[in-house]
Structure formats: structure tokens, C-alpha cells
Amino acid sequence: MHITIINASPHEISQSNTVKMIEHFQKGVLATGASIEIYHLCKKSQYEQAKEVFIKNDNIVFALPVYAGIIPSFSMEFLQNLYIYTQQNDKNTLNKTISFVLQGGFPEACQRGCCEQYLKSIAMLLGGTFGGILSHCINAHFVEKKDAKDTFKNYEEMGVNFIKNQGNFLFKEAIEFTGPEHFTEDQAKVFNRMFNVYYKYVSSLKGCDIDLSHKLYDYI
């Protein structure tokens with residue numbers, strides 16, 4: 001089996017958590033003896049290539065970052081252009097499985113149901129069969145090293161199971177891995193402290209000198 005991954009993240013490769021996810025997923029795929037190729041849309045030379053590769057190959061995996069529940073405009077632009085491109089080619093020859101891996105910096109898998117329906121419609125518009133989604137928080141800059149290491153190891157296992165399941169994420173382990181997710185109590189505390197400092201700094205730039213814990217309507 002041959003798998004084509006199209007990385008639709010706008011981030012530079014060395015700074016991208018989506019790329020880290022892909023690399024570990026790739027290890028699992030290769031361990032089965034299957035072959036895999038990866039195209040990064042952040043590279044101009046590969047942006048146009050990815051359209052041609054999509055037409056020619058039968059098992060496509062889109063890797064998409066999710067920012068606060070939203071796919072970035074850079075990624076959506078490619079999918080829109082890809083739809084136009086498929087219409088200009090013989091779409092009757094399209095008989096492919098289209099799957100998605102979503103990289104969120106925070107536990108956002110509670111939105112999986114909505115995301116799944118949306119991406120299912122994209123797969124259909126592109127002339128393919130929906131192969132499911134895989135999503136998990138892997139913000140390696142935020143979670144503890146051990147948690148990140150465990151998550152990456154899980155992505156390798158998902159790569160193995162993806163091939164065993166004939167190239168899709170419609171299997172029990174993938175569904176359970178996807179969520180829902182929750183912060184641990186310690187992670188939530190770190191997150192709150194970090195953002196309190198950040199928002200205090202940003203508000204000070206706007207001339208705000210009131211403490212962020214101030215409650216204007218306490219008298220009600």
C-alpha cells in the first residue's frame with residue numbers, strides 16, 4: 001500500500017507540531033512495509049505538485065492544524081483550489097480514500113463530531129471516500145516531555161493500525177485516541193498562569209492598569 005500525506009500547515013517545517021505528528025505517523029506506516037510520501041504546502045515548489053499527486057494517488061491523508069477550532073485560511077485555500085483543479089480534470093477517474101489528521105495545540109477533540117461531518121463533506125466534494133479523522137493535542141511546547149513522548153509513540157501505533165485497517169481511521173483505537181480530551185489539573189494550572197501573564201502584558205500595551213482579576217460587577 002502507498003500513502004500520500006499532504007501537510008497543509010502554513011508553519012515552517014522545523015517549527016511545526018503538525019510535522020512532528022506526521023513524522024511519527026510515518027514511522028508506523030513504514031514499519032508495516034508500506035510506502036509513504038509527504039508534501040509540505042509551505043514549500044512553494046510542493047504546493048502545485050500536491051495537486052497533481054492528489055489526482056494520481058488512491059490513498060490521501062491531509063494533515064491539518066486546528067487553531068481554536070478553526071482550520072487556517074492557508075489550508076482552506078488549498079482545499080478550495082484543489083476542488084477547482086479536480087473539476088478541471090477527469091473526476092470520474094477519482095476513486096480514492098481521503099483521511100484527515102488534525103493537530104490541535106489544546107484539547108479540542110470535543111469538537112470532533114462537527115469537524116468530522118465537515119471534513120466528510122470535503123472528501124465527498126473532492127470525489128473520494130471519507131477515511132475518518134485522527135486528532136490529538138500534541139503541543140510539544142506546552143505539555144510535559146513525557147506526555148509529548150507518549151503521544152508521539154501513539155502516533156506511530158496509529159500509523160501501523162492505519163495500514164492494517166486498509167488505509168483509514170475508522171477503527172476503534174483511532175476513535176478512542178481522538179478523544180474527547182481534557183487537561184490534567186496540573187496542566188490547567190500552568191496554562192492559567194501562562195495566559196494570565198500574557199494577557200496582563202497585552203492589556204498593558206493598550207493602557208490598561210487594572211488587575212485582570214478585577215470583577216467590575218461584584219456588587220450585583
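The values are calculated or read from the model by the stated rules, or taken from the named source; none is laboratory data. Here the structure is a predicted model, which is why all the values come from computation and not from measurement. Ideal geometry is used to build each Cβ from the backbone, glycine not excepted, and the neighbour counts take in all protein chains shown. Ligands, DNA and RNA are stripped out before the accessible areas are found, and what is left, the full protein with its side chains, is counted by its heavy atoms. Shrake-Rupley method; radii C 1.70, N 1.55, O 1.52, S 1.80 Å.
Between residue 15 and residue 208, what is the spin-label point distance in nm, taking each point 7 Å from the Cα along the Cα→C-beta axis?
2.6
Here are some pairs, 20/120; 120/164; 20/164; 43/206; 43/172; 56/164; which of them have Cα atoms lying more than 30 Å apart in this structure?
43/206; 43/172
Give the long-range amide H neighbours of residue 136: residues separated by 5 or more places, or on another chain, with amide H under 5 Å away, using H modelled in the peptide plane at 1.01 Å from N.
The answer is 102, 104.
Can you put 116, 185 in order of accessible area, largest first, using a 1.4 Å probe?
185, 116
Would you mind getting the accessible area per residue of the range 39-82, heavy atoms of the protein chains only, 1.4 Å probe, in Å²?
On the way: 2020 Å² over 44 residues.
With all protein chains present, the range 39-82 gives 46 Å² per residue.
Quick check: at a probe of 1.4 Å, how many percent of the accessible area of the range 45-90 sits on carbon and sulfur atoms?
In the range 45-90, the share of accessible area belonging to carbon and sulfur is 49 percent.
How large is ³J(HN,Hα), in whole Hz, for each residue of the range 50-59 in order, when computed from phi with the Karplus curve 6.51 cos²θ - 1.76 cosθ + 1.60 and θ = phi - 60°, using x for Gly and Pro?
Going residue by residue, I get 4, 5, 5, 5, 4, 5, 7, 9, 9, 10 Hz, with x marking Gly and Pro.
Tell me, what is the 1.4 Å probe accessible area of residue 200, in Å² to the nearest 10?
Approximately 120 Å² of residue 200 is accessible to the 1.4 Å probe.
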